[in-house]
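Just below is one structure, and these are the notes that go with it.
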Amino acid sequence: MTFALPANHICDQLVGPFYDTAGLIRWWGVSKHAVTKAASTGTVIACQRDGGGWVYPTWQFTNETGTVHPDLLTLWLILRATGDPWTCALWLRAPQGQLCNRTIADWIIDGNPLDDVLPLARAAANTWGR
């Protein structure tokens, strides 16, 4: 989509590309309040930039209507219990040895079982919570 932001930071390169809030407002046809609420309630994966603006990784969306993959949200909520948004998003996009160096996000997007990666997410969240 044309709302993707350019990559100019290492986190952008690893987690992005992204949509910005204005892009989601146009794409979803909702208010800024609705996008902000989705980010604050964990129904969309969102990370805040240094300047205060929010970005939403494109890989979480399953179709042209902007539906977020439900298994990614399950993992997101587990991770966010103890991790900050950037750490959680980076973890979802980091190659995992247990998955033949595939990322958790790619694993889920490709239709593999959530149960295969739930223990990995719980272990990461437990480590961060110490």
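Using Cα springs under 10 Å in a Gaussian network model of the chain, which residue among G42, G83, G97 shows the largest mean-square fluctuation?
Result: G97 has the largest fluctuation of those listed.
Please give the helix 70-80 orientation as an angle from the longest Cα principal axis of the chain, in degrees from 0 to 90, rounded to the nearest 10.
Its long axis makes an angle of about 80 degrees.
Given a Förster distance of 41 Å, report the FRET efficiency between A22 and D115 from their Cβ-Cβ distance, rounded to the nearest 0.05.
After rounding, the FRET efficiency stands at 0.65.
Could you tally the net charge around A39, taking each other residue with its Cβ under 13 Å from the Cβ of A39, Lys/Arg +1 and Asp/Glu -1?
So the surrounding residues net to +3.
Can you give the calculated 222 nm mean residue ellipticity of the chain, where each DSSP H run of n ≥ 4 adds -39,500 (n - 2.57) and the sum is split over every residue, rounded to the nearest 500 deg cm²/dmol?
Values: 7 runs with 60 residues, N = 130.
My calculation for the chain gives -13000 deg cm²/dmol from helical runs alone.
How many nm is it between the label spots at A81 and T65, if each spot is 7 Å from the Cα in line with the beta carbon?
For the pair A81/T65, the computed spacing is 3.0 nm.
I'd like the orientation of helix 32-41 relative to the chain: the angle between its Cα long axis and the longest Cα principal axis, in ° from 0 to 90, rounded to 10.
Roughly 10 degrees, rounded to the nearest 10.
Note the full-extension length gain between K32 and L99 as 0.36 nm times their separation in residues minus their Cα-Cα distance, in nm to one decimal.
Gain in length upon complete extension: 20.4 nm.
Quick one: dipole size for region 85-130, taken about the Cα centre, charges +1 on Lys/Arg Cβ and -1 on Asp/Glu Cβ, in debye to the nearest 20.
240
Can you give me the relative contact order of the chain as a percent, contacts being Cα pairs under 8 Å and 6 or more apart?
Once divided by the residue count of the chain, the mean separation gives 21 percent.
Would you mind working out the accessible area per residue for the chain, using a 1.4 Å probe, and quoting it in Å²?
I get 53 Å² per residue for this part.
Using the charge dipole of the chain (Lys, Arg: +1 at Cβ; Asp, Glu: -1 at Cβ; taken about the Cα centre), state which of A81, I45, T65 has its Cα farthest towards the positive end.
With unit charges placed on the Cβ atoms, the residue in question is A81.
Please state the relative contact order of region 22-83 as a whole percent: Cα pairs under 8 Å, 6+ residues apart?
25
Hey, got the dipole for the chain? About the Cα centre, +1 on K and R Cβ, -1 on D and E Cβ, debye to the nearest 20?
340
The values are calculated or read from the model by the stated rules, or taken from the named source; none is laboratory data. No experiment lies behind these values; they were computed from the predicted model shown. A quick note on method: Cβ atoms are made from the backbone with ideal geometry, for glycine too, and the neighbour counts reach across all protein chains shown. Side chains are part of the model used for accessible areas, which takes the heavy atoms of the whole protein and leaves out ligands, DNA and RNA. Shrake-Rupley method; radii C 1.70, N 1.55, O 1.52, S 1.80 Å.
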